[in-house]
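Inspection log for the structure reproduced underneath, given as structure tokens.
The values are calculated or read from the model by the stated rules, or taken from the named source; none is laboratory data. None of the values given here were measured: they were computed from a predicted structure. Here the Cβ positions follow ideal geometry from the backbone for every residue, glycine too, while neighbour counts run over all protein chains shown.
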């Protein structure tokens, strides 16, 4: 079963012909202020927008630069795969001003007839390949398409690895019905589209002539120049 993601922001791919994302990584350091040392390496990082490239509609330019990617030293909730933080150089790039909206995704579906992961009928013969051998087939009433929906916990959770504490499997939840079959996106045309899988996001990107940002690009944009902070903004609206 594919993991579903809530929102996605697109990056303009045209700059790849001009310059690829820098791949220079250096050893991690405990000092969050040593990011400036990366800039001293002398790598040619694309910071300002090239004059011969126009702004794509609905996008902004995110200046390139150096960042320390991964968990900061004071983050006590960070998981092991977020450590150690590494120095990364990232070329500037164009990014959508907002996440993809319900209206934008609806246009894509109407023009292509695309069916998202959460809307597709479940094939038991395919699904049983992903579960332990000998697992009995669930009742047909349970083998229905759906997605995960958020549930608020009454207290703090003791185990952050047990996501079932704050997510419910909800039959009938999809991008048109974010919280289940009785919910709707009516009046929420400009809200970010949700209940979208990675496969769905790639299909939309192909249709829109875009691509998804890399992890380093996303963190550079979301941090908006704020180095060393545990939390930083998720909306790319500050540029």
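Here is how the numbers come out for the structure above:
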| read-out | value |
| --- | --- |
| Failed condition for residue 153, given (1) in contact with a helix residue (DSSP H, G or I) (Cβ under 7 Å, 6 or more places away or on another chain); (2) at pLDDT 95 or above | (2) |
| Among the residues listed as 172, 187, the single one being at pLDDT 95 or above and touching a strand residue (DSSP E or B) at 6+ places or on another chain (Cβ under 6 Å) | 172 |
| Any hit, segment 97-108, residues being within 30 Å of residue 57 (Cβ to Cβ) and exposed (fewer than 11 other Cβ atoms within 10 Å of the Cβ) | no |
